[in-house]
Structures are given as structure tokens and as C-alpha cells.
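First comes the structure, then the notes that go with it.
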Amino acid sequence: MYAQMVKSEATNDDPEKLAAFQARIDAGEKIEPKDWMPEGYRKTLIRQIGQHAHSEIVGQLPEGNWITRAPTLERKAILLAKVQDEAGHGLYLYCAAETLGVSRDDLTEQLLSGRMKYSSIFNYPTLNWADIGAVGWLVDGAAIMNQVPLQRTSFGPYSRAMIRICKEESFHQRQGYDLIRVMAQGSDEQRAMAQDALNRFWYPSLMMFGPSDKDSVHSTQSMAWKIKINTNDELRQKFVDQTVPQAHYLGLTIPDEGLVWNEAKGGWDFSEPDWSEFYEVLKGNGPCNTDRMEARQKAWADGQWFRDGLMAHANKAAARRKAAKVAAE
Amino acid sequence: MSNEWPLWEVFIRGQHGLNHRHVGSLHAPDAELAMRHARDVYTRRNEGVSIWVVPSSEITASAPSDKGPLFEPSNAKVYRHPTFYDIPDEVGHM
């Protein structure tokens, strides 16, 4: 998902406190920042929320790439609004992570140094306008699958951020589907572009859920803590079942010869993505890893003088106000 | 040394007649920019008619461990609720 393969941290806390904490979670109580929590819970959440936030921010790049080249003013306004939302989503999530005691600058530096990850999906390029439709339809569609259950996550600030995000996310998926529908019902050439975008984004979208985690220890701990609500396989299946009829409606073909309806399970059987490709992308060898990191590093470095300048101005103005107040007294 | 912008808490009045409600936080160098950022981050879809921004450092919060001493005494004061009193049916609605 936007947070893939988040390793849960071991915890060395007092067993009695741990049991009381687990009982609160099992009772459906929300954990708030000032409450006692196991160190492992705190660290795992920082990693997961941080990775999620970084994905929202890096996720602006493949789409921002097309703002100036949108085919109509309406599409341009829509894409601009969507990319602005992604920035907002990143900010909600950074704020949630900060309540756990990590600073914003620290999170940013961990992304820029490569110590923290972002979703593998954003290392794929958006080559043409149909890709913008595919990103909204498939990538945001896959994100929604994971984010809807996370609204019930045990950590209060994370849950509240997810609720805000989910309210806005539906627009993202619908504008993407609307865009690709127009192309799929357009000229032969546009239709071919829509099919090509689906061909390229299908498997990377399935990878967003991460490899099967049915035997993963990390997953078991995260699920007990209600940091993770469903297994990767459950969410992937749900995504496929939802998306296949949407593709059929458009007259597009899912690029999977193994795709068959399984009456017994009431869902589609489908082929696994190439997991070796997934691990390569995570290692930094995807098509756009270098570009994405360079863009973030450049934005951070180029903005330094501006951030510092505004802070210096704010400090001076505060000092002037203080001096004026003293003089008046 | 880090020159991070300070943290602000954002409160929004959703509609006329309602209280301002905490919606989240953000970083900004000063109050004026905190207000602008709050507008961009938290009201992109008509979520509010008024915004408050407060430096997070200025908020005093109760500790989770104070929950008992702060709130338990009122639990015991059942006579503060109207349902504590039996009013005879003959008296009618009160």
C-alpha cells in the first residue's frame, strides 16, 4: 500500500502494562499521543505513518508532471486540485506522526537520505495523458482499499487523518476513471492509449499491497495493535474484484491471461505480479527512483533560504513587538 | 541547528452557530502565515467559516494520569442529573 512492508518493532515493556494496553485496543479504545504506549507500537507507527506521508508527497511528482500539459482548462484545474490534495494528505499524516515525538525535519531528512521509504508505485513514470487517468483510477483506487479500514486504526491522530483523507480520496479515483472513460470511448488512438496505460499500471498497482503476508510475524503484531486491519492478500483480492468489472465496462482488457472468475470464492483468480521487480524497485532500481529522490532533494535545498528567511522575519517582528510593548509600559 | 517552523494548532468553525473545533496542526513561521496555511490545508472544500490558529506551545493539556482525579468526582454526583428525581405522574411534565 502507501505503506509497504512496514517492519514492526519488538517491544521490551513491562508485561502487565502491555496486557493493559492490548485490552484497551481490544475494547476498541483509541490511543492518544499522551497515553502510555509500548515502544514498539510508537516506533512502528512512526515508520508506517511516515512512509504513508512520504508517499503522498512523492506521489505529487508523477501527476504534477502533467499539469502544464493537461488537454483542457477543466482537466488542468481538476489535476491541480488533486495534486494539492496530495500535499494536504501528506501534511495531515506528518502531523499525526509528529504527535509520536518525531520532528517534521527529522522525517524529511530520513526520506531524503533514503532511510525512510515511500510507495513503490511512484517510481513508475507517467508517459502520457492516459497515465494520469490510470493513476487516479488504479493507484488511488488501491490506496482507498487500504485507507478505508485504516479509519478504524487504534491510534487517534492517525485514524482522524485517515477519515479526512478518505473524504477527499473518492474524488481522486472518480476523476481518474472519468478521464480514462473519455479516452476509452474516444478515437482508436485514444482507446489504444487507455489500454496501454492499463497494461503498464496493472501489475505495479497490485504490488502496492505488498507481498503476501499471511505468515508474517510483523503483520500479526501490527494487526493485534490495529495498526494494520486487513492482510495484503485480502486487500489485493478486493481491489481486483472491484476493478475488473470497471475495466470491462470500458471495454478494456486486464493484461492477465490467468484472470478467471472463481464461482466458489465469489471473486476473480488472477496472476501475481513479478515480485522480483517489486524488490528491485524498493532497492532503488525502479525506472524513476533517482528522479524522484533528486526532485525532493532539490525542492528541499532550493527552499532552504526561503524557509530560513521567513523564520528570520518572524523572529524580528516578534522582537519588535516585544520592544514596543516594553516601551509603552 | 534545525530552524524548523513552529507548530500551530488549527481550530475551525464549520458553520455559523457552532463552536470552533480542533482539526489538526501545521507548521508556519508566524500567525499570519499559519492562517494562510490553515486555509489551504484544512478548508479546501468549504469546511469552515472561521479559523483560529494557536501556537501548540501555548496549549496546556491535562495528563492522562489526571483522568481519575479530574473526572471521577462528577461520576458520583448523580443528583446533578434530572433523572435522579422522581416527580409524581399527577404533576405532569417537568
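Observations, loosely collected:
- Test for A:Ala317: is it part of a helix (DSSP H, G or I) and within 14 Å of another protein chain (Cβ to nearest Cβ): yes
- Residues of the stretch B:50-59 satisfying the condition of being within 13 Å of the chain's Cα centre (by Cα) and open to solvent by 50 Å² or more (accessible area, probe 1.4 Å): B:Trp52, B:Ile59
- So A:Trp305, is it open to solvent by 40 Å² or more (accessible area, probe 1.4 Å), under 30 Å from B:Pro55 (Cβ atoms), in a helix (DSSP H, G or I) and touching a residue at least 40 places away in the same chain (Cβ under 8 Å): no
- Which numbered condition A:Val6 fails, given (1) more than 14 Å from chain B (Cβ to nearest Cβ); (2) in a helix (DSSP H, G or I): (2)
- In summary, helices (runs of 4 or more DSSP H) completely within the stretch A:79-156 and bearing 2 or more residues that are at pLDDT 95 or above and of a type in the set (Gly, Ala, Ser) occur at A:129-134, A:140-150.
- Index of the failed condition, A:Gly176 passing every other in (1) under 29 Å from A:Leu250 (Cα atoms); (2) under 16 Å from the mean Cα position of the chain (by Cα); (3) crowded, with 23+ Cβ neighbours inside 10 Å: (2)
- Residues satisfying the stated conditions in the stretch A:107-124, i.e. open to solvent by 40 Å² or more (accessible area, probe 1.4 Å) and either acidic (Asp, Glu) or farther than 20 Å from A:Leu93 by Cα (or both): A:Glu109
- Check on A:Arg296, under 30 Å from B:Asp30 (Cβ atoms), surrounded by 15 or more Cβ atoms within 10 Å (Cβ to Cβ) and of a type in the set (Lys, Arg): yes
- So A:Arg152, is it within 22 Å of B:His22 (Cβ to Cβ), touching a Lys or Arg at 6+ places or on another chain (Cβ under 8 Å) and among the basic types (Lys, Arg): yes
- Annotation: A:Leu310 fulfils all but one of (1) buried (at least 18 other Cβ atoms within 10 Å of the Cβ); (2) within 14 Å of chain B (Cβ to nearest Cβ); the unmet one is (1).
- Only one of A:Glu263, A:Glu280 that is more than 13 Å from chain B (Cβ to nearest Cβ), open to solvent by 80 Å² or more (accessible area, probe 1.4 Å) and farther than 25 Å from A:Asp105 by Cα: A:Glu263
- The stretch A:148-168, subset without any contact (Cβ under 8 Å) to a residue 60 or more places away in the chain and either within 27 Å of A:Leu250 (Cα to Cα) or open to solvent by less than 10 Å² (accessible area, probe 1.4 Å) (or both), residue nearest to the other protein chains (Cβ to nearest Cβ): A:Lys167
- In the set (1) in a loop (DSSP other than H, G, I, E, B); (2) among the acidic types (Asp, Glu); (3) more than 9 Å from chain A (Cβ to nearest Cβ), B:Asp66 fails one condition alone, (1).
- Residue selected from the stretch B:2-49 under the condition more than 8 Å from chain A (Cβ to nearest Cβ) and at positive phi, by the criterion least open to solvent (accessible area, probe 1.4 Å): B:Gly17
- Checked against (1) outside any helix (DSSP H, G or I); (2) crowded, with 20+ Cβ neighbours inside 10 Å, A:Pro71 meets all criteria but (2).
- Search result, residues across the stretch A:269-297 that are assigned to a loop (DSSP other than H, G, I, E, B) and among the polar types (S, T, N, Q): A:Ser271
- Residues of the stretch A:18-41 that are assigned to a loop (DSSP other than H, G, I, E, B) and either crowded, with 17+ Cβ neighbours inside 10 Å or within 14 Å of chain B (Cβ to nearest Cβ) (or both): A:Glu29, A:Lys30, A:Glu32, A:Pro33, A:Lys34, A:Asp35, A:Trp36, A:Met37, A:Pro38.
The values are calculated or read from the model by the stated rules, or taken from the named source; none is laboratory data. Bear in mind the structure is a predicted one, so any value in this text is a computation, not a measurement. Glycine gets a Cβ as well: all are built from the backbone with ideal geometry, and neighbour counts include every protein chain shown. These area figures cover heavy atoms from the full protein model, side chains too; ligands, DNA and RNA do not enter into them. Shrake-Rupley method; radii C 1.70, N 1.55, O 1.52, S 1.80 Å.
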